[in-house]
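Read the structure below first, then the notes.
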Amino acid sequence: DGRLTFYPGNQTVDLPFINFMKRYGTVFLNAYTNSPICCPSRAAMWSGLFTHLTESWNNFKGLDPNYVTWMDLMEKHGYRTQKYGKLDYTSGHHSVSNRVEAWTRDVDFLLRQEGRPMVNLTGDRKHVRVMEADWQNTDKAVNWIKEEAINLTQPFVLYLGLNLPHPYPSPYAGENFGSSTFLTSPYWLEKVTYEAIKIPKWSSLSEMHPVDYYSSYTKNCTGEFTKQEVRNIRAFYYAMCAETDAMLGEIISALRDTGLLKKTIVMFTADHGELAMEHRQFYKMSMYEGSSHVPLVVMGPGVKEQQQVADVVSLVDIYPTMLDIARIPVPQNLSGYSLIPLLCGKAENRESPGRPRPSWVLSEFHGCNVNSSTYMLRTGKWKYVAYSDGRSVLPQLFDLSDDPDELTNIAIKFPLIVCSLDKILRSIVNYPKVSSSVQEYNKRQFMRWKESLGQNYSNVIANLRWHRDWLKEPKKYENAIDKWL
């Protein structure tokens, strides 16, 4: 959650290395994902293109494996490149459940697709390495800096993809498990200030926007939760962020130990945030701040120190920024804009003459746990969220300066603002048309999958992540799918 990188969010947990980067670099106060889910978000970051242009509709559908990323271009221009850890921007990964849930979101049924969010404490006060796989990848990156990078005559670019902070699999939740367990150790939990944790306000189920209700239901969050449960989920999430921060620290320390820190640009960001029980949801897949607002902190030569940038930016800006750093000509067809003018603190003199940075960012979502294509335009104090064809589902409008917790949808109150923001949104993307092509894609993919299973279809579909609900009335749900098809 990007809000943890600046005040007051960062009062809840000790993040010393994020704070170190802020002291010696620039923090973006309004950085957003272009799609609040792993694969489509990463596809936008690696391609510099909006989701509707790459057609990364869900966690199964990302970029082609041979897509030319900014790292490929840097390698072509003489950079030594190295990647470790989670990449997840190409098509074909993630579970069958994940795919089928995305394809069937237009079906007229409600099924819980996730385990109920819960916490789990492991180890003792000395247990530091909870997410072992991430630590191993961090070790590889550290060794590469100390053994390879230090001896290079050419410039290098190193990418480290971490899984944390991310809920862990919950085996009780069925096939492919889902991930609804917030897991940490006492060591990390001690970094969290329990008194500073805000318990989010929830609307009553009957007052919720229909898309929010669908999300809460499929994420298994419509039941009763005590304040203590909610506080714990949030505390454990923050503790997982503290563990992530420590991995960032390993990289910064390795660069400092090798004398490379002063001549290396370091960037820290994320594919999306975590709602951690805000708006009666956990996980991502939402345009609320907890899910769509990402961290972006940058330090290094030429980057202004102790700078806070309020301009809205998004992950598609990474591609042109990387090329700018490497002095590689930036292609004109990109959705993003270089961050270098903002990082240098000279925005007015450094704007590229042909393409002034727009005053808005776009995020969109077409995957599971949300029963409608969703489009978010953030500009100034406004966040405008449009759905589907723009007519069948009511939009949402939030004034973030007045209502930072996004508790009051004021779309009906300000029809003129809705009208002008919708006009801007349609000038960027013909969203009714995109929504319709996603609906066709979902149906086509589902039918192909169904046919591939033959006689086995009824058994397979009944035993995906939603099996607990499905098996109560399998015929009813199969009929709903047939009706949709």
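The values are calculated or read from the model by the stated rules, or taken from the named source; none is laboratory data. For clarity, every value in this text was computed on a predicted model and none was experimentally measured. Glycine also receives a Cβ, built like all others from the backbone with ideal geometry; neighbour counts cover every protein chain displayed. Ligands, DNA and RNA are stripped out before the accessible areas are found, and what is left, the full protein with its side chains, is counted by its heavy atoms. Shrake-Rupley method; radii C 1.70, N 1.55, O 1.52, S 1.80 Å.
A few remarks follow.
- Subset of region 176-212 that is part of a strand (DSSP E or B) and either of a type in the set (Ser, Thr, Tyr) or open to solvent by 40 Å² or more (accessible area, probe 1.4 Å) (or both) - its residue that is nearest to Phe236 (Cα to Cα): Thr184
- Matching option when the condition is aliphatic (A, V, I, L, M), more than 20 Å from Leu255 (Cβ to Cβ) and over 13 Å from the mean Cα position of the chain (by Cα), among Val298, Val316, Val303, Val309: Val309
Residue-wise test of (1) part of a helix (DSSP H, G or I); (2) in contact with a strand residue (DSSP E or B) (Cβ under 6 Å, 6 or more places away or on another chain); (3) open to solvent by 10 Å² or more (accessible area, probe 1.4 Å).
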position: Lys262; (1), (2), (3): yes, no, yes
position: Met267; (1), (2), (3): no, yes, yes
position: Lys304; (1), (2), (3): no, yes, yes
position: Gln308; (1), (2), (3): no, yes, yes
position: Ile318; (1), (2), (3): yes, no, no
position: Thr321; (1), (2), (3): yes, no, no
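- Ala31, sole failed condition from (1) surrounded by fewer than 19 Cβ atoms within 10 Å (Cβ to Cβ); (2) in contact (Cβ under 8 Å) with a residue 60 or more places away in the chain; (3) not in a helix (DSSP H, G or I); (4) not β-branched (Val, Ile, Thr): (1)
- Every condition in (1) closer than 28 Å to Ser180 by Cβ; (2) in contact (Cβ under 8 Å) with a residue 60 or more places away in the chain; (3) open to solvent by less than 30 Å² (accessible area, probe 1.4 Å) is met by Leu425 except one, and the failing one is (1).
- Criterion: open to solvent by 10 Å² or more (accessible area, probe 1.4 Å) and within 20 Å of Met45 (Cα to Cα) - qualifying residue of Asp88, Asp108: Asp88
- The lone exception for Pro353 - which of (1) within 26 Å of Gln307 (Cβ to Cβ); (2) modelled with pLDDT of 95 or more; (3) open to solvent by 10 Å² or more (accessible area, probe 1.4 Å) it fails: (2)
- Against the test of being modelled with pLDDT of 95 or more, surrounded by fewer than 19 Cβ atoms within 10 Å (Cβ to Cβ) and not hydroxyl-bearing (Ser, Thr, Tyr), the options His93, His77, His52 yield a single qualifying residue, His77.
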